[in-house]
Amino acid sequence: MTTEILSPRALNRATLARQLLLERADLPAVTAIARLAGLQAQAPDSSYVGLWSRLRDFEVDELAKPLAAREVVRSTLMRGTVHLVTAEDGLALWPTIKPVVERGFLGHYSREVAGLDLAAIAEAGRDLLTRGHRTRAEIRAGLADRWPDADPTTLAYAVNSLLPLAHVTPRGLWGRSGPVAFSLLDEWVGAPITDGITLDDLVSRYLAAFGPATVRDAQVWSGLTKLKEVFERLRPRLRTFADAAGKELFDLPDAPRPDPETPAPPRFLPEYDNVLLSHADRVRVIPDGRRVPLPPGPGGRKGTLLVDGEFLAIWAIEGATLTIESRKPLRDQDSITEEGLRLMEFVMPGQRHDIRFGIGG
C-alpha cells in the first residue's frame, strides 16, 4: 500500500488549521488554550496577542479574567519553559513533564548542586511557599541560612524546578509588571496535583494541536525522550503519512488536513509562539530555516509575521508605529496593513497608528 506524501505546504495548512491560524475561531479563551495544548508564555503579554490572532473579536479581559480567577495558569512545563495552560491541564501535566524540568535544571546546575540534598531543598522551598507567595529573591533569602555554602541563586532555581509552581497574578495580567512571584500550583488553583496525563494522551493532545508529526517532533515539543514506543502503541489508532524527505508522520484519523491551496491570511504572532517552536523539522512554517527571534521584555510589542502561512518577517511596535521588516518585499501588503492596523488597535486602542515596511535581517 502506497504511503501518502504530505508536502510542506500540506503540513503548513494542517498545522495552521489546528492552531486556529487559518480562520479565527469563536471560542472562549480557556477552551482555546486547552485545544492549543497551551501557549508558550515567558513574555507575560505575549499570550494576549497569540489569542487575538486566533480568536474572533478577542478582548483583553477574556484572558485577564480567567487568569485572575485561576482558571488558567502560567507554569514551567513543556521543554522546561513557561506555558499558559488551563488549571486542569497544569495539574495533570506536571507529573508527566516533571522529569523534563528537572533534567533541564540538572543539566545547567549539576556542578553547583553536587553533594546537596535536593529533596531537602525542595521540602524547604515547599515550606516557604506554603506560608505565602515568594519571589525568587525571597526564596534565595529564605534558603541561604540553611545552606550558607551553596549558591543562593542555584537554590532558588532548584525550588522552581523540583516543585510544581504557578506564576501568581498580577503578573500576567495585560500591561502589569513587577518581579515574578511563585505559589505552589495546587494551592494557587485550589485542587490537588493529579496522577499525571498518560503519555498516550499527551501524544494525542500534541497531534491534535500540531500534527501531522514525527516522533522527534513530539519529543521536541514536550522535551520528553523515548516516545517512539508510545507512537508504536498508538499506531493502530493513528494514520501514517510521509513527508517530502521520507520521514514517517503520524496523525489522528479525523484531524483536519485542509487542501494545501487553502488561503492563509497574514497573522501577527507574538514572541515565542508555539507554532514556530513545536517541531524538530520547522520547514512547514520556516521554509528558509531562519532562527526564531526570542526578544526579552514583557511581550505584546514584538513578534513574527506569517505571510501565506510562512514566517517571512518580524514586527515591532515602538510608540505609535508598527514596523514590519522582511528580507525581501512582501506580497499582499494591503492585507498585511489591514491586519497590522487591527493589531495596533488591539494593543493601543484609540490612538493614531502608523505602519512601516522595511528590508533587513
Full-extension gain in nm, residue 5 to residue 56, via 0.36 nm per residue minus C-alpha separation: 15.1 nm
Whole-Hz ³J(HN,Hα) from phi, Karplus 6.51 cos²θ - 1.76 cosθ + 1.60, for segment 312-325, glycine and proline x: 10, 7, 10, 9, 8, 9, 10, x, 9, 10, 9, 9, 10, 10
Eligible aspartates and glutamates near residue 65 by straight Cα distance, threshold 15 Å, same-chain separation 8 or greater: 45
Solvent-accessible area per residue, Å², over segment 284-361 with all protein chains present [probe radius 1.4 Å]: 53
Under-5 Å amide H pairs with residue 181, H placed in peptide plane, nonlocal only: 168
Antiparallel DSSP beta bridges within the chain, percent to nearest 5: 80
Candidate lysines - alpha carbon under 22 Å from residue 226, same-chain residues fewer than 8 apart omitted: 98, 247
Fraction of accessible area attributable to carbon and sulfur, the chain (%, probe 1.4 Å): 50
Heavy-atom accessible area per residue - segment 23-189, 1.4 Å, Å²: 41
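Just to verify a number: FRET efficiency for residue 176 and residue 112, C-beta to C-beta distance, R0 = 45 Å, to 0.05?
0.90
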Cα-based shape type of segment 105-204, given that a ≥ b ≥ c are square roots of the gyration tensor eigenvalues and the cut on a/c is 1.5: oblate
Relative contact order, percent, the chain [alpha-carbon distance under 8 Å, six or more residues apart]: 21
Of the GluC sites (Glu not before Pro) in segment 184-288, those whose Cβ has at most 13 other Cβ within 10 Å and which sit in DSSP loop: 261
Full-extension gain in nm, residue 334 to residue 71, via 0.36 nm per residue minus C-alpha separation: 90.8 nm
Cross-link reach list, aspartates and glutamates versus residue 328, counting only Cα pairs under 18 Å and skipping chain neighbours closer than eight places: 288, 308, 310
Coil-residue trypsin sites (Lys or Arg not before Pro) of segment 15-66, DSSP, other Cβ within 10 Å capped at 12: 56
Surrounding net charge for residue 108, when Lys and Arg each add one and Asp and Glu each subtract one, Cβ distance under 13 Å: -1
Positive minus negative residues near residue 99 (Lys, Arg vs Asp, Glu; Cβ under 14 Å): +3
0 to 90° range, to nearest 10: angle between helix 199-210 axis and the chain longest Cα axis: 40
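The values are calculated or read from the model by the stated rules, or taken from the named source; none is laboratory data. Model, not experiment: these values are computed from the prediction. Using ideal geometry, Cβ is built from the backbone for each residue, glycine included, and neighbour counts are taken over all protein chains shown. The protein model used for the area step is the full one, side chains on, heavy atoms only, and it has no ligands, DNA or RNA in it. Shrake-Rupley method; radii C 1.70, N 1.55, O 1.52, S 1.80 Å.
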